[in-house]
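Participant: The structure is given below, and queries will be raised subsequently.
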Amino acid sequence: MVRSPKEAPLRVLIAKPGLDGHDRGAKVVARALRDAGFEVIYAGLRQTPEEIVRAALEEDVDLIGLSILSGAHMALFPRVLQLLKREKAADIPVFAGGIIPDEDARRLKKAGIRAIFGPGTSLQEIVTTAQRLARHAA
Amino acid sequence: MTRAPRLPPAARAILGGDRRALARVISQVEDRDPAAVAVSRALYPRTGKVPVIGITGPLGVGKSSLINLLVGRLRELDLTVGIVAVDPTSPYSGGSVLGDRIRFERRSDDAGVFFRSMASRGEVGGLAAATREVCRLLEAGGFNVILLETVGSGQVDLAVRDVATTSVVVLVPHLGDEVQTLKAGLFEIADVFCVNKSDLPGADHARRDLVELAGLGSGRAGWTPRVVLTSTTQPSGIAELWEAIEAHERFLDSSGGRSAEERRRLTAEIVELARERVGRQFAERLEREPELRRLLEEVVARRVDPRTAADRLVPGPAR
């Protein structure tokens with residue numbers, strides 16, 4: 001059953017994997033997505049990939065957004081994708097934001113992260129991409 | 001002998017412990033997706049046996065942290081727990097930020113817990129009915145206890161008493177005098193009062209006030225609300241909180257109040273669902289039927305008053 005975006009809000013999980021303790025960026029994005037009509041499940045800081053995938057399944061989200069500043073993205077993001085696959089939930093698109101060098105970004109996209117936003121990306125661009133990814137998945 | 005009707009696949013999956021199927025059907029219930037109707041219908045006869053504990057109270061009193069510890073306690077007792085946390089939807093964008101998971105710390109491989117965030121989705125109505133359906137789905141998924149977290153004091157228009165078998169009202173010291181509690185309408189619904197953040201000064205005073213108020217009787221036959229002090233920063237009182245909840249659940253059984261309460265809740269649910277449907281039908285008719293559109297124009301032009309128009313829609317004795 002296709003969800004009409006007008007009747008049924010899209011659901012997105014916003015989480016910060018790993019150990020960095022700064023989530024202002026993630027909160028700003030959560031707020032922007034809420035204002036665009038998303039139901040944002042905000043999982044907060046210091047989430048393990050296992051916790052993130054579990055939350056995504058329980059909350060039946062249409063999209064997962066990961067935020068990271070610590071530099072551990074090459075370990076944590078592929079792990080999230082791998083766990084989603086194991087749970088037969090690879091249909092849930094994952095996007096990411098944070099401090100991610102271009103070369104890493106290219107490799108992560110190849111691995112299956114659908115969009116990566118660096119510092120200075122406009123909220124409008126993030127929202128538009130999130131809508132496109134989530135609607136396609138829903 | 002009649003054969004038991006075949007269960008829809010999603011219902012069978014939920015009964016078999018498939019968490020993703022459970023999550024999907026919960027979404028369908030939230031989305032008012034007709035696909036959920038058959039599943040809910042098939043599972044209904046198997047439900048109504050587990051306690052549904054409503055945890056409500058004003059913003060910032062520590063409901064989420066309290067639930068986190070309560071779940072830990074229930075797991076110690078080897079009980080499985082389904083949690084539904086309802087947060088308000090923004091009336092402006094229709095979106096929401098559901099943040100109750102932040103306080104929730106569970107081993108990610110613990111299959112005995114299922115946490116679901118739910119947005120109130122504005123004034124569409126039917127929130128209590130949808131919440132009850134979600135609680136029943138969790139029960140069908142095999143959870144022994146359902147915890148329902150809601151923001152009290154009218155910010156989310158969910159009558160927790162229409163869903164929960166035991167209602168816990170969470171307060172903190174110095175939230176205001178007991179008149180505030182009375183005003184917020186929280187007093188009538190409490191089976192258990194929980195004074196959280198009891199490490200703060202004033203906790204004993206708050207307890208005394210509440211015990212005194214509880215002693216006045218809340219109109220709930222035979223039950224005097226318990227008052228429990230808890231703290232989540234230096235965890236204390238959590239076992240006592242669960243004991244107080246259990247005491248109320250036992251009271252429901254020994255007093256015969258359980259079936260009467262369930263009857264009252266189901267009545268409310270039927271009425272809510274019927275009201276939602278009838279309201280939608282009338283709204284559609286006012287848009288569609290030429291005669292009723294003319295009637296609406298008459299009301300807009302101030303020649304007919306709204307009550308008279310409603311009488312034309314639903315003939316019956318004027319009140």
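The values are calculated or read from the model by the stated rules, or taken from the named source; none is laboratory data. Predicted, not measured: the structure shown is a model, and the values here were computed from it. Note that we place each Cβ from the backbone using ideal geometry, even for glycine, and neighbour counts take in every protein chain shown.
Participant: Filtering segment B:59-75 down to residues that are touching a helix residue (DSSP H, G or I) at 6+ places or on another chain (Cβ under 9 Å) and not hydrophobic (A, V, I, L, M, F, W, C), which residue is surrounded by the most Cβ atoms within 10 Å (Cβ to Cβ)?
Facilitator: Going through segment B:59-75, the residues touching a helix residue (DSSP H, G or I) at 6+ places or on another chain (Cβ under 9 Å) turn out to be B:62-70, B:72-74.
Still in the running and not hydrophobic (A, V, I, L, M, F, W, C): B:62-65, B:68, B:72-73.
Numbers: B:G62: 21, B:K63: 26, B:S64: 18, B:S65: 20, B:N68: 22, B:G72: 15, B:R73: 17.
Looking at residues that are touching a helix residue (DSSP H, G or I) at 6+ places or on another chain (Cβ under 9 Å) and not hydrophobic (A, V, I, L, M, F, W, C), I get B:K63.
Participant: Same structure, new question: Tell me which residues, restricted to segment A:24-41, are of a type in the set (G, A, S) and surrounded by 23 or more Cβ atoms within 10 Å (Cβ to Cβ). Walk me through how you get there before you give the answer.
Facilitator: The initial filter retains those residues of segment A:24-41 that are of a type in the set (G, A, S), namely A:25-26, A:30, A:32, A:36-37.
Passing the criteria: A:A26, A:A30.
Participant: Do we find a residue being in contact (Cβ under 8 Å) with a residue 12 or more places away in the chain, within 14 Å of chain B (Cβ to nearest Cβ) and out of contact with any Lys or Arg (no Cβ under 9 Å at 6 or more places or on another chain) anywhere in segment A:93-112?
Facilitator: Taking segment A:93-112 first, the residues in contact (Cβ under 8 Å) with a residue 12 or more places away in the chain are A:93-100, A:104-105, A:107-108, A:111-112.
Remaining after also requiring within 14 Å of chain B (Cβ to nearest Cβ): none.
No, the conditions are met nowhere in segment A:93-112.
Participant: Going through A:G44, A:G21 one at a time, which residue ends up being surrounded by fewer than 22 Cβ atoms within 10 Å (Cβ to Cβ), facing chain B (nearest Cβ under 7 Å), small (G, A, S) and free of Cβ contacts under 8 Å to residues at least 40 places away in the same chain? Let's see the steps before the verdict.
Facilitator: Values: A:G21 fails: facing chain B (nearest Cβ under 7 Å).
Among A:G44, A:G21, only A:G44 is surrounded by fewer than 22 Cβ atoms within 10 Å (Cβ to Cβ), facing chain B (nearest Cβ under 7 Å), small (G, A, S) and free of Cβ contacts under 8 Å to residues at least 40 places away in the same chain.
Participant: Go through (1) under 11 Å from the mean Cα position of the chain (by Cα); (2) under 26 Å from B:I26 (Cβ atoms) and name the single condition A:L57 misses.
Facilitator: (1)
Participant: Within segment A:50-71, can one find any residue that is within 23 Å of B:S96 (Cβ to Cβ), within 14 Å of chain B (Cβ to nearest Cβ), of a type in the set (V, I, T) and free of Cβ contacts under 8 Å to residues at least 40 places away in the same chain?
Facilitator: For segment A:50-71, residues within 23 Å of B:S96 (Cβ to Cβ), within 14 Å of chain B (Cβ to nearest Cβ), of a type in the set (V, I, T) and free of Cβ contacts under 8 Å to residues at least 40 places away in the same chain: present.
Participant: To continue, here is another question. If the Cβ limit is 8 Å and pairs must be 6+ apart or interchain, which residue in segment B:196-216 that is under 11 Å from B:V228 (Cα atoms) pairs with which residue that is assigned to a loop (DSSP other than H, G, I, E, B) and at pLDDT below 85?
Facilitator: B:A206/B:H174; B:A206/B:L175
Participant: A follow-up question, please. Mind checking which residues of segment B:121-147 are at pLDDT 95 or above and not in a helix (DSSP H, G or I)?
Facilitator: Correct list: B:G141, B:G142, B:F143, B:N144, B:V145, B:I146, B:L147.
Participant: Please give the number of the condition B:V228 fails out of (1) assigned to a helix (DSSP H, G or I); (2) under 19 Å from B:V160 (Cβ atoms).
Facilitator: Only one criterion in (1) assigned to a helix (DSSP H, G or I); (2) under 19 Å from B:V160 (Cβ atoms) is unmet by B:V228, namely (1).
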